[in-house]
Amino acid sequence: MQPLTGLFVLDFTTLLPGPLATLMLAEAGAEVLKIEQRGGENARRFPPFVGNESAAFTMLNRGKTSMTLDLKSDADREKLMPLIQRADIVIEQFRPGVMDRLGLGYDELKKINPKLIYCSISGYGQSGPRVHEAGHDINYIGNTGLLDLQPGPADRPVVPPMLAADIAGGSFPAVINILLALRARDKSGHGCRIDIAMTDAMFTFTWAALAIGVATGRFPKPGDLWLVGGSPRYQIYPAKDGKLIACGALEPKFWSAFTAAIGLPEEHIDDARDPKATRDAVAKLILTKTSDEWRPIFAAADCCATVIVPLEEAMRDPHFVERGLFAHQVGTESGKTLPALPLPIAPEFRTAPGTKKAPKLG
C-alpha cells in the first residue's frame, strides 16, 4: 500500500503549479478528482497534440479523474457538497477571493468538513499589497531579486530555462505543506488552511546573496556571485565545435584536476588574483578542442566538467535509464504511449512502473 492510499483530493487547479502538485499526490497513492470548467481546462488545448490530446496536459494529469462543473451555477456547486464532505484535501489556484465569492472558500468548507486541508496556490499569496496583482514566473523571480543576480548582458538578457516559481515556489511547497498538514491532522484531528505564494520561495533561492548582503551591507550585483558567473571555476565555456562545457570545479581538488586537464598556465591557476584573466585563459584553451575531444579528458580527470547535452540525449543516458526515470508511461486515447513525467518521489512510494492515462473530460 502506498503512503497516500485512501486519501481523496479535489483538484481545482489548472496549467502547471497545482496539477504538478496533485500529480505527485496521485503518484503516491491519493485519489485525485480534477474539477474542470465546461469544455475542460485551458491546458487541454496546448499543443503539441498526440491524437486529440495535449501532450503536456496528459503528462501533468496522469492517473487522475475528471469532473466538469460550472462553479457559478448553484446546481453544479451543490453536486460538489458530497465530494467536499469526504475530501481530505482541496487544492485551488484561482486568484485570491474567487473561491470565497463562489461560496467555496475555506471558512465555508470547513463547516462542512472540519478535517479538510485546504491549499491555495497563488502568485503573491492571500494577503499583502500585491495580492491581486497579475503575474507569471518571470515576474515572480524578477520581483524578488532572484533574476537580477544573473539576467545576462543588458543588451542580451537571458530568460531562464526553468519555471522556478511555478514548480519550486508552487508545486513543491504545496506538496510539502500538505504532507505536514496531514501529520498535524493526525495529532489534532483538525484540518487547516495553507497559503502558498509562489513568489515567497524565490527568496530561498537568493540564500547566498542574502547572507552576503545582510552580513556586509553590500548586496551582490549581477554576475558577482561565484555560482552565477562570478568565478571561472563555475562557468560555461564554448568548445571548438560550438557545444558548451559546464565547469563546476569549485573545490581546490577539482580546480587542480581541471586546470591540469586543460593545461592552464601556472600564472592563471590562482584565480583569486585576477578572475577575469583566468576565465579568459580557460575559455581560450577550451576552444582548442571539440566537445567530443574534451569528454574523455574530463571524465578521466573527474573534475566536475561535463558537456552540456540536449534533452533528447539526456533521456537516452544509461544512468537515467537504469534509475528508471522514464520507466513510467502515459497512455493516450490514440493508443500511443508517452514517457511519464519524472518526479522527485522515491520508487517505494510511487506507483509501480506501468501505463496510466490522463482523465477524459468529465
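The values are calculated or read from the model by the stated rules, or taken from the named source; none is laboratory data. None of these values were measured; they are calculated from a predicted model. Counting neighbours? That spans all protein chains shown, and the Cβs are built from the backbone with ideal geometry, glycine included.
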Q.
For region 169-192, give me the residue count where each residue is surrounded by 17 or more Cβ atoms within 10 Å (Cβ to Cβ) and either in contact with a Phe, Trp or Tyr (Cβ under 7 Å, 6 or more places away or on another chain) or of a type in the set (Gly, Ala, Ser) (or both).
A. 6
**Q.** Selection count where residues are small (Gly, Ala, Ser) and part of a helix (DSSP H, G or I), scope region 214-223
**A.** 1
**Q.** Single residue of Lys79, Lys115 found to be among the charged types (D, E, K, R), surrounded by fewer than 18 Cβ atoms within 10 Å (Cβ to Cβ), closer than 28 Å to Thr5 by Cβ and under 29 Å from the mean Cα position of the chain (by Cα)
**A.** Lys115
(Q) What are the pairs with Cβ atoms under 7 angstrom where one residue, in region 7-22, is on the phi < 0 side of the Ramachandran plot and the other, located anywhere, is of a type in the set (Ser, Thr, Tyr) and assigned to a helix (DSSP H, G or I)? Sequence gap at least six, or different chains. (A) Val9/Thr22; Asp11/Thr22; Thr13/Thr22; Pro17/Ser171; Leu20/Ser171; Ala21/Ser171
Q: Would you mind finding the one in Tyr124, Tyr106 that is crowded, with 19+ Cβ neighbours inside 10 Å, closer than 18 Å to Glu78 by Cα, in contact (Cβ under 8 Å) with a residue 60 or more places away in the chain and hydroxyl-bearing (Ser, Thr, Tyr)?
A: Tyr106
Q. Taking region 271-310 as the search range and keeping residues that are exposed (fewer than 13 other Cβ atoms within 10 Å of the Cβ) and touching a helix residue (DSSP H, G or I) at 6+ places or on another chain (Cβ under 8 Å), which one is nearest to Gln235 (Cα to Cα)?
A. Asp302
Q. Checking Leu69 against (1) modelled with pLDDT under 95; (2) more than 21 Å from Arg183 (Cβ to Cβ), which single condition isn't satisfied?
A. (1)
Q) Within region 2-9, can one find any residue that is in a strand (DSSP E or B) and within 20 Å of Leu104 (Cα to Cα)? A) yes
Q | Looking only at region 195-235, and only at residues there that are touching a strand residue (DSSP E or B) at 6+ places or on another chain (Cβ under 9 Å) and without any contact (Cβ under 8 Å) to a residue 40 or more places away in the chain, the one that is nearest to Leu16 (Cα to Cα) | A | Leu227
Q: State whether one or more residues within region 35-47 are assigned to a strand (DSSP E or B) and farther than 17 Å from Gly170 by Cβ.
A: yes
Q.
Can you pull out every residue in region 333-353 that is outside any loop (DSSP other than H, G, I, E, B) and either surrounded by 16 or more Cβ atoms within 10 Å (Cβ to Cβ) or polar (S, T, N, Q) (or both)?
A. Thr337, Leu338
Q. Does at least one position in region 66-74 carry a residue that is polar (S, T, N, Q), buried (at least 18 other Cβ atoms within 10 Å of the Cβ) and under 21 Å from the mean Cα position of the chain (by Cα)?
A. no
(Q) Just checking, does region 40-57 include any residue being under 25 Å from Gln126 (Cβ atoms) and among the charged types (D, E, K, R)? (A) yes
